[in-house]
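Asker: Have a look at this one.
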Amino acid sequence: MIAKKCQRRQKSQKKPRHLGPLDDSWQERLADVVTPLWRLSYEEQLKVKFEAQKKTLQRLESYLQMLNGVNVTTAAPRSEGLCCFLHPIIPSPVISGYRNKSTFSVNRGPDGNPKTVGYYLGTWRDRNMVCVRSNHLKNIPRKHSQVAQYYEVFLRQSPLEPCLLFHEGGYWRELIAHSTSQGHTMGIITFHPQELRQEELCVQKETVKKFFTKGPGAVCDLTSLYFQESTMTCCSHQQSPYQLLSGEPHIFEDLLGLKIRISPDTFFQVNTAGAEILYWTVGELSGVNSNTILLDICCVTGVIGLSLAQYTSWVLGIELVEQVVEDARWTAAFNGITNCEFHTRRAEKILPQLLKSKEDGQLIVAVVNPAQAGLHYQVVQAIRNCGAIHILVFVSCKPHGETTRNITDVMEAKEESILSKQGKSALHNATYSRGVKEDES
């Protein structure tokens with residue numbers, strides 16, 4: 001019955017474009033998109049990054065000079081052509097195969113095969129989208145490439161078609177591979193259920209489970225294998241639960257002396273060794289001590305706050321996703337950290353009341369690590385209105401765009417004396433942390 005459904009759907013699909021065999025040109029084109037600095041030495045890459053951050057700060061400075069009452073001239077040390085000091089980019093200890101999470105798409109490859117697993121080249125708008133295998137990319141670890149390779153083998157054995165476009169039908173979708181320095185690997189397969197009955201879904205889950213536990217895919221030695229039914233482009237655990245097909249429900253990572261629990265929904269910095277330097281740098285910049293409260297906004301698994309808990313009086317973590325907050329609480333309990341609490345609500349909803357309850361004379365150090373969409377304006381407003389916050393550390397993987405808007409919004413309504421102190425901190429911290437977030441080798 002499933003095969004007949006596939007045949008009916010295939011009649012409406014466009015004829016595949018055959019773009020030629022996979023050769024060095026395809027691989028180089030993909031590398032140019034995914035790792036645009038790969039042709040440069042790592043030392044040259046760091047110089048490029050430094051100049052990019054310098055330009056970002058110059059644009060931010062120009063904008064601030066247009067705001068009434070903002071004085072960007074200070075007596076503090078500064079870099080040439082800037083109103084503040086821009087630290088050198090901190091190199092990553094690992095520059096090859098460093099990614100601990102990779103997301104692989106499924107679509108037509110250069111040879112026209114719709115069951116190709118890799119990364120996209122081209123755009124849907126131009127109708128030249130091609131899926132190219134990514135095992136040659138310098139930032140992808142061999143384990144991830146192996147899992148992707150065997151997922152492709154599985155797809156080509158399956159009678160079900162991949163889901164290339166939702167309205168054209170198909171079932172098999174993307175693959176996510178998580179790995180840790182402990183040798184743990186989690187695979188997550190996304191599947192569009194279309195109109196399959198529950199018993200038909202169970203057959204497919206059992207088939208993929210058997211392939212990766214007893215079939216050819218067993219060589220991947222997955223610690224955890226998850227399956228998610230999704231009718232949307234992106235789907236959270238709350239919207240459609242991750243279903244454990246085999247193995248352990250979690251994988252674990254060691255970071256800054258802590259054992260961290262990772263779930264399918266967990267966001268974790270993609271370069272673990274680089275993340276350690278990033279978090280250490282945040283600790284240095286924050287200046288936390290036994291008399292301060294550390295406010296960790298958008299804390300995800302709580303690693304920043306938990307790694308600094310021993311130096312501060314109390315850690316307050318705020319995160320929207322319930323599952324990762326459960327991981328943060330588990331990590332705190334397992335590592336014997338008791339001076340912390342985590343709240344699962346939108347930061348803009350809970351932050352004002354949290355700050356009000358903590359304004360008892362203790363100074364607050366705030367660390368924000370938002371997604372690329374930036375901070376909600378109400379979060380920015382709450383930070384601005386809390387006089388107890390004396391240091392703000394802004395961590396961003398994309399220091400232009402929304403990050404720039406957030407920083408200027410934080411500074412815009414402050415008194416000039418506060419701007420002189422906190423404005424420099426915001427600029428300084430945003431650029432210092434950028435160098436260890438990722439490395440485009």
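A short reminder: the numbers here are calculations on the coordinates, not readings from a lab. Small disclaimer: the values here were computed from a predicted structure and weren't measured. Because the Cβ atoms are built from the backbone with ideal geometry, glycine has one as well, and the counts that use them run over all protein chains shown.
Asker: For a Förster distance of 60 Å, can you work out the FRET efficiency between the beta-carbons of GLN65 and ASN113, rounded to the nearest 0.05?
Answerer: Numbers: r = 55 Å, r/R0 = 0.92.
Calculated value: 0.60.
Asker: A further question on this structure: Expressed in nm to one decimal, what extension gain is obtained for the pair ASP254 and CYS234 from 0.36 nm per residue of sequence separation less their Cα-Cα distance?
Answerer: Working: separation 20, 0.36 × 20 = 7.20 nm, distance 2.83 nm.
Computed gain between ASP254 and CYS234 is 4.4 nm.
Asker: Hey, how many Å between the Cα centroid of the range 180-254 and the Cα centroid of the range 378-413?
Answerer: 38 Å
Asker: Still on this structure, I have one more. Compute the length gained on full extension between GLN58 and TRP38: take 0.36 nm times their separation in residues and subtract their Cα-Cα distance, giving the result in nm to one decimal.
Answerer: On the way: separation 20, 0.36 × 20 = 7.20 nm, distance 2.64 nm.
Net length gain for the segment: 4.6 nm.
Asker: Then there is this: Report the extension gain between HIS343 and TRP314 in nm, rounded to one decimal, defined as 0.36 nm multiplied by the number of residues separating them, less their alpha carbon distance.
Answerer: Numbers: separation 29, 0.36 × 29 = 10.44 nm, distance 1.37 nm.
Answer, rounded to one decimal: 9.1 nm.
Asker: For a 30 Å ceiling on Cα separation, which of these pairs sit above it: LYS143/LYS209; LYS49/LYS115; LYS259/LYS356; LYS115/LYS209; LYS49/LYS349?
Answerer: On the way: LYS143/LYS209 18 Å; LYS49/LYS115 37 Å; LYS259/LYS356 32 Å; LYS115/LYS209 19 Å; LYS49/LYS349 36 Å.
Going by Cα-Cα distance, LYS49/LYS115; LYS259/LYS356; LYS49/LYS349 fall outside the 30 Å limit.
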